[in-house]
């Protein structure tokens with residue numbers, strides 16, 4: 001496909017006025033209210049945080065190449081905590097919503113901007129403010145509580161920088177809330193004429209469902225962190241067993257947010273995959289309504305399953321049974337999505353461009369991640385597997401194999417629209433395959449390790465686990481290096497890549513009907529929508545062949 | 001401020017406040033309203049975490065909570081409740097005045113709301129100080145007089161919740177006072193009229209929400225000791 005674009009420097013020289021070149025200078029970025037510029041600010045910020053979090057992951061894997069470890073156990077505790085805190089709160093939660101969602105949600109519904117552009121900018125500043133605290137914690141010496149901040153260790157015993165980390169996460173939480181609030185209001189009130197709910201692209205549905213979780217869940221973890229911080233300062237509090245407090249209550253409040261947060265970290269990815277598969281299979285997604293409804297179903301169910309994190313931490317058996325039962329229900333909407341994506345490809349004209357390669361990876365890895373989740377929501381199997389590498393492998397299959405891969409899929413899908421330039425498809429395919437291989441080599445051995453009983457978060461392990469651990473570290477090295485490749489060719493493409501044109505993939509959707517990169521207000525005139533999303537007909541097919 | 005009925009501006013003046021990405025003033029107003037209500041839902045969940053904690057421990061230690069609640073100053077709490085209810089009334093009147101383009105009334109009612117709000121905060125500060133003097137701050141210096149020894153530990157939980165919940169409420173009050181000051185300046189500059197009053201209405205919603213939180217806090221924290229079951 002790449003050969004059809006104009007590649008001469010002259011063609012690339014004249015740029016029409018767009019959101020990138022309309023203004024110049026740092027002020028035009030730091031005071032912008034354009035959702036697209038804020039999205040790009042987020043792209044840079046979360047990439048930086050991802051690199052910090054990734055460095056800690058590499059240090060952990062390095063440590064685990066030897067049974068007795070390389071660093072001090074206390075240092076290792078800080079590595080896994082900083083890895084978790086940064087990756088969860090500063091990469092995964094904002095990853096797709098704040099970047100691709102911010103950029104494309106308004107365009108996809110035919111709006112000129114999000115409903116509250118200044119709140120959108122505030123959201124980025126809150127994120128940066130929280131990230132500064134997180135970086136300060138890294139520089140000062142780290143936190144060692146695990147990303148879960150469990151009381152009473154976090155409130156009473158830990159000698160690390162819990163308070164600063166809690167403030168950082170608290171502030172970043174409000175950045176997430178403001179993003180979610182903006183999305184919800186935008187979808188309700190800013191849709192173009194004719195853009196009915198059942199014509200919304202599935203990416204919009206997914207981000208809307210994510211927004212619901214963000215506004216309902218995040219304030220609860222915020223208050224939990226406030227209570228931990230106050231307890232740490234006052235040396236007494238409601239999680240303190242010395243005065244009759246119950247540390248388990250912290251876990252309840254924490255997981256009331258943090259389980260739904262897991263769906264904040266996967267729903268937008270599912271939205272991206274729905275878009276990509278429809279485009280590269282040239283078909284309306286099979287069962288559009290069911291995919292849309294399953295996003296909402298996941299959002300609702302997410303709030304009634306948190307107890308499956310606590311099967312062995314002192315919650316009653318009967319509560320456990322109910323939570324186990326409810327947790328199985330989440331498998332239903334997730335399975336609907338997977339089946340519908342595969343059914344979409346059935347008899348579609350499937351092609352294998354890099355976004356689609358990532359989408360294939362997503363389906364496979366998410367399926368493994370999801371099915372191993374069923375092992376953990378079954379109480380009998382969770383008891384031996386709880387707190388082992390099985391859990392680590394399970395959620396990395398969903399978070400990395402799911403969300404990170406979906407993020408990369410979306411970035412590759414929309415990069416031509418965001419920058420107006422095309423990247424090297426050969427490098428992109430190579431990187432996609434390497435990431436897939438490196439990821440599997442990293443985390444498949446961890447399933448085995450967990451099954452054999454290796455506990456997570458331990459700084460040392462018996463020598464017989466060394467082979468699997470070294471394999472995992474080898475995989476992590478491949479994964480780490482392959483993740484740098486897209487960074488290089490995407491940046492290169494932005495400056496030197498051939499012009500992409502307005503619709504390089506022959507895709508359907510409002511975002512492909514406007515200029516690449518878009519103008520500041522996206523549309524010259526508010527569009528009127530007359531057809532459902534994904535109206536892939538023969539006409540598109542012809543365009544694509546030509 | 002002399003009372004004058006100001007001229008109702010033309011519809012077009014509403015459009016001056018329509019930001020570029022909205023089609024018209026109506027769409028902007030609907031978006032603001034939905035946004036504010038959505039924000040208030042997050043606030044409900046934010047306070048909800050503490051109310052959940054309260055419910056758990058009240059269920060676990062009902063006797064200790066009842067005994068500890070007697071240390072709260074019901075008279076002052078009740079007076080402050082009345083102050084807040086009055087502030088909600090003046091806030092509602094302020095919104096009405098803005099909708100009717102009555103600038104003088106709007107300024108009057110905003111000042112009234114501000115005075116009630118600040119009164120509440122000042123009273124709260126005295127109340128906190130009294131708790132400090134009486135050694136009722138949870139922690140090493142917690143030495144309440146005349147509290148049955150068996151409640152000495154659990155009493156700290158209620159006081160911890162008391163300070164967290166009323167403290168978080170007070171933080172919201174301070175933010176509200178700041179927002180009211182902003183409204184007052186805008187009103188003085190004659191920004192609001194019958195076709196543009198969204199900020200008054202939105203901040204009004206916020207103010208009522210903060211009041212309602214207190215309406216729940218007062219009985220849960222102050223009154224449970226005065227019922228003996």
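Here residue B:189 fulfils each of the conditions (1) more than 14 Å from every other protein chain (Cβ to nearest Cβ); (2) buried (at least 21 other Cβ atoms within 10 Å of the Cβ) apart from (2).
A single entry from B:79, B:63, B:148 fulfils the requirement of being within 19 Å of residue B:215 (Cβ to Cβ) and surrounded by fewer than 16 Cβ atoms within 10 Å (Cβ to Cβ): B:79. Where helices (runs of 4 or more DSSP H) fall wholly inside the stretch A:316-410, the ranges with 3 or more residues that are under 21 Å from residue A:264 (Cβ atoms) are A:317-345, A:354-377, A:389-398. Return yes or no: is residue B:46 in a helix (DSSP H, G or I), at pLDDT 95 or above and at the interface with chain A (Cβ under 7 Å from one of its Cβ atoms)? So residue B:46 fits the description; yes. Please determine whether any residue of the stretch B:63-76 is more than 23 Å from the chain's Cα centre (by Cα), closer than 30 Å to residue B:145 by Cβ and at the interface with chain A (Cβ under 9 Å from one of its Cβ atoms). There is at least one residue in the stretch B:63-76 that is more than 23 Å from the chain's Cα centre (by Cα), closer than 30 Å to residue B:145 by Cβ and at the interface with chain A (Cβ under 9 Å from one of its Cβ atoms).
Residue-wise test of (1) farther than 15 Å from residue B:49 by Cβ; (2) at pLDDT below 95; (3) at the interface with another protein chain (Cβ under 8 Å from one of its Cβ atoms); (4) within 25 Å of the chain's Cα centre (by Cα).
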site	(1), (2), (3), (4)
A:236	yes, yes, yes, no
A:257	no, yes, no, yes
A:268	yes, no, no, yes
A:272	yes, no, no, yes
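Would you check if there is a residue in the stretch A:199-209 being surrounded by fewer than 24 Cβ atoms within 10 Å (Cβ to Cβ), touching a helix residue (DSSP H, G or I) at 6+ places or on another chain (Cβ under 9 Å), over 24 Å from residue A:163 (Cβ atoms) and away from chain B (no Cβ under 14 Å)? Yes - at least one qualifying residue is present in the stretch A:199-209.
Scanning the stretch A:139-163 for residues that are away from every other protein chain (no Cβ under 14 Å), within 26 Å of residue A:239 (Cβ to Cβ) and in a helix (DSSP H, G or I) yields A:140, A:153, A:154, A:157, A:162, A:163. Is it fair to say residue B:46 is surrounded by 15 or more Cβ atoms within 10 Å (Cβ to Cβ) and in contact with a helix residue (DSSP H, G or I) (Cβ under 6 Å, 6 or more places away or on another chain)? Yes: the conditions hold for residue B:46.
Scanning the stretch B:136-145 for residues that are surrounded by 12 or more Cβ atoms within 10 Å (Cβ to Cβ) and closer than 20 Å to residue A:232 by Cα gives B:136, B:137, B:138, B:139, B:142. Considering each residue of the stretch A:448-455 in turn, none proves to be buried (at least 17 other Cβ atoms within 10 Å of the Cβ), over 22 Å from the mean Cα position of the chain (by Cα) and over 20 Å from residue A:369 (Cα atoms). Restricting the stretch B:14-29 to residues that are facing chain A (nearest Cβ under 9 Å) and buried (at least 17 other Cβ atoms within 10 Å of the Cβ) leaves a set whose member that is modelled with the highest pLDDT is B:28. Residue B:202 versus (1) crowded, with 20+ Cβ neighbours inside 10 Å; (2) within 14 Å of chain A (Cβ to nearest Cβ); (3) over 30 Å from residue B:102 (Cα atoms): which is the lone unmet condition? It is condition (3) that residue B:202 fails. Check the stretch B:209-218 and report whether any residue there is surrounded by fewer than 16 Cβ atoms within 10 Å (Cβ to Cβ), over 23 Å from the mean Cα position of the chain (by Cα) and in a helix (DSSP H, G or I). No: the stretch B:209-218 contains no residue that is surrounded by fewer than 16 Cβ atoms within 10 Å (Cβ to Cβ), over 23 Å from the mean Cα position of the chain (by Cα) and in a helix (DSSP H, G or I).
Inside the stretch A:103-122, residues that are within 14 Å of chain B (Cβ to nearest Cβ) and assigned to a helix (DSSP H, G or I) make up a count of 9. If you go through the stretch A:238-247 and keep only what is more than 7 Å from chain B (Cβ to nearest Cβ), assigned to a helix (DSSP H, G or I) and buried (at least 17 other Cβ atoms within 10 Å of the Cβ), you end up with just A:247.
Per this entry, residue A:467 is not counted among residues that are surrounded by fewer than 22 Cβ atoms within 10 Å (Cβ to Cβ) and touching a residue at least 12 places away in the same chain (Cβ under 8 Å). With respect to the stated conditions, residue B:122 is free of Cβ contacts under 8 Å to residues at least 24 places away in the same chain and away from chain A (no Cβ under 14 Å).
Do we find a residue being within 26 Å of residue A:177 (Cα to Cα) and within 14 Å of another protein chain (Cβ to nearest Cβ) anywhere in the stretch A:38-52? Within the stretch A:38-52, one or more residues are within 26 Å of residue A:177 (Cα to Cα) and within 14 Å of another protein chain (Cβ to nearest Cβ).
Comparison of A:70, A:96 shows that the only residue that is surrounded by 17 or more Cβ atoms within 10 Å (Cβ to Cβ) and either in contact with a helix residue (DSSP H, G or I) (Cβ under 8 Å, 6 or more places away or on another chain) or at pLDDT 95 or above (or both) is A:96.
The values are calculated or read from the model by the stated rules, or taken from the named source; none is laboratory data. Not measured: the values here are computed from a predicted model. Because the Cβ atoms are built from the backbone with ideal geometry, glycine has one as well, and the counts that use them run over all protein chains shown.
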